[in-house]
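Each remark here refers to the structure printed beneath this line.
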């Protein structure tokens, strides 16, 4: 079973060697990006741990308090920005709801009326035009078959 799968894989790669090379290059690039990302993550974690150890030291207590105060101010400003963004989103949502109720719904109702009118028109054409033409062709075929001499 494994031999068959390997044979199919090699056959596929032999049929399109450029695609196989492109896949290999893409895989190498993906691995390279993953390794670089992991290295950056490890370095950042190490820096955070070292900064925490440095700031916990009693000799740096005043500096730690200053950094804490700056972060508190930063978080307050961030909360203010998020609050403003939420208000803007609520206003946008209300305008979308207004659009749906006052502009889209009448268009849908008009389209529904048009479809119903079209349905009635199709039924009228079917009853008054198509059926009589079909019956006329049926009678013409019967008359033709009556007067047509039998071929043997």
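The values are calculated or read from the model by the stated rules, or taken from the named source; none is laboratory data. Not measured: the values here are computed from a predicted model. Because the Cβ atoms are built from the backbone with ideal geometry, glycine has one as well, and the counts that use them run over all protein chains shown.
Overview of results
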| item | result |
| --- | --- |
| Any hit, the range 71-83, residues being part of a helix (DSSP H, G or I), surrounded by 10 or more Cβ atoms within 10 Å (Cβ to Cβ) and at pLDDT below 95 | yes |
| Pairs where the first residue, in the range 17-44, is at pLDDT 95 or above and the second is surrounded by fewer than 10 Cβ atoms within 10 Å (Cβ to Cβ), C-beta under 7 Å, 6+ apart | none |
| Cβ-Cβ under 7 Å pairs, at least 6 apart or on other chains, the range 57-80 side without any contact (Cβ under 8 Å) to a residue 40 or more places away in the chain, far side surrounded by 10 or more Cβ atoms within 10 Å (Cβ to Cβ) and part of a helix (DSSP H, G or I) | 60/54; 64/55; 67/55 |
| From the options 116, 109, 57, residue that is surrounded by 10 or more Cβ atoms within 10 Å (Cβ to Cβ) and at pLDDT below 85 | 57 |
